[in-house]
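The values are calculated or read from the model by the stated rules, or taken from the named source; none is laboratory data. This one's a predicted model, so the numbers in the text were calculated from it and none came from an experiment. FYI the Cβ positions are ideal-geometry reconstructions off the backbone, even for glycines, and counts take in every protein chain you see.
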Amino acid sequence: MAENKYIHSETRRVRRQLMDIVDQLLYQGGTREQYMPGFTKKFPYYAICSKMDKGFRMEAPWHWHRSVELFYMEKGSVEYFTPGGKFVIAEGCCGFLGASVLHRTALPEACHHNLALLHLFEPFFLSGGAGSLIDQKYVSPFLDAAGQGVLILRPDVKGEAEVVELLRRSFELQASSYGYEFHLRAALSEIWLRFLEICPPKAPEKLGQTDDGAIKNILSYIYDHYSEKIDITDLAKAGHCSERECYRSFQEYLHMTPVQYIRSWRLERAAELLASGEDTVADIALACGFGSSSRFGKMFREAFSVTPLAYRLKLREEHSK
């Protein structure tokens, strides 16, 4: 396993009534693929409690993971951005995101904080393996049909409320109890089947696999070189594509320009350094490729609505509680 360099979100453990959920987002070194501690081939499952607050953590940058996501919005709402568009999931709703789909999540403008509970697991956790009867009949067709979007179920829609409640209750399973793994897989299988009944497979609408690979390679390049000067030639080379195709991939998949993405990632990394270390604002500005502390301070205030030093102070106050 490559070294895991970066932590997005809080590293404290969040105690729920019957189980612990880690609230953190890690990336595998050299990629933008999410790393999940404890996620192994023997037990390809991970749970996350994701929390966002105004002026603290307002988004999770573009990333992907081989697992699927089944999630429940316990408090507030969230915006999911994928190559398939923008999806808003309100409090009390649940959603499904397919495997290896590029996505970004953000706190809506009108929402001050949110809390989401997520199951992340590889499809073979339910199917038993690629090519099995369960995989061919229930898993792969649904994944193909889900495509690049987010499937949303709402508690006020007839036929969906029961599934939302099943998902909510699945987070109450106690990891320390005997038979936990069996009960968890049974619960997720039931939820999967109910999703399949409500959202039956249709002809999938897929975006080009070549472009998907290119944009992931480009993001990995930015991940490793954000502190340096980056131009479109560097990105095109990393993605093994032309400059024109590079621009098109950013617009089609991320709905932003390369410059906008690089700026957002540098700000995200700067926020991590403010939270985790004692480096000065000037040192962080240089380390994250901003060039000057004044330019960094202006961009940081625009993104987080506070100065870098105020952000650091607020984090320390949060962690001291």
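Residues of segment 101-121 that are part of a loop (DSSP other than H, G, I, E, B) and buried (at least 18 other Cβ atoms within 10 Å of the Cβ): VAL101, LEU102, LEU107, CYS111.
Matching residues to (1) touching a residue at least 12 places away in the same chain (Cβ under 8 Å); (2) buried (at least 16 other Cβ atoms within 10 Å of the Cβ); (3) in contact with a helix residue (DSSP H, G or I) (Cβ under 6 Å, 6 or more places away or on another chain):
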site	(1), (2), (3)
SER132	no, no, no
GLN136	no, no, no
VAL139	yes, yes, yes
LEU143	yes, yes, no
GLN148	yes, yes, no
PRO155	yes, yes, yes
GLU162	yes, no, no
SER170	yes, yes, yes
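Only one of the numbered conditions (1) in a strand (DSSP E or B); (2) surrounded by fewer than 20 Cβ atoms within 10 Å (Cβ to Cβ); (3) at pLDDT 95 or above is not met by GLY92, and that is (1).
Would you be able to say whether some residue in segment 257-277 is more than 19 Å from the chain's Cα centre (by Cα), closer than 21 Å to PHE81 by Cβ and either in a helix (DSSP H, G or I) or in contact (Cβ under 8 Å) with a residue 60 or more places away in the chain (or both)? Yes; the residues of segment 257-277 include at least one that is more than 19 Å from the chain's Cα centre (by Cα), closer than 21 Å to PHE81 by Cβ and either in a helix (DSSP H, G or I) or in contact (Cβ under 8 Å) with a residue 60 or more places away in the chain (or both).
Restricting to segment 221-243, what's the tally of residues that are buried (at least 17 other Cβ atoms within 10 Å of the Cβ) and at pLDDT 90 or above?
Number of matching residues: 10.
Considering only residues in segment 127-156 that are more than 18 Å from LEU70 (Cα to Cα) and hydrophobic (A, V, I, L, M, F, W, C), the one that is nearest to the chain's Cα centre (by Cα) turns out to be ALA130. Looking at PHE71, PHE125, PHE87, just one residue is in contact (Cβ under 8 Å) with a residue 40 or more places away in the chain, of a type in the set (Phe, Trp, Tyr) and outside any strand (DSSP E or B), and that residue is PHE125. For segment 57-72, does any single residue satisfy the condition of being surrounded by fewer than 20 Cβ atoms within 10 Å (Cβ to Cβ) and more than 29 Å from ARG248 (Cβ to Cβ)? No, that holds for no residue. Residues in segment 282-298 that are assigned to a helix (DSSP H, G or I) and surrounded by fewer than 18 Cβ atoms within 10 Å (Cβ to Cβ): ALA282, ASP283, LEU286, ALA287, SER293, SER294, ARG295, GLY297, LYS298. Considering each residue of segment 244-264 in turn, at least one proves to be surrounded by fewer than 20 Cβ atoms within 10 Å (Cβ to Cβ) and farther than 25 Å from GLU79 by Cβ.
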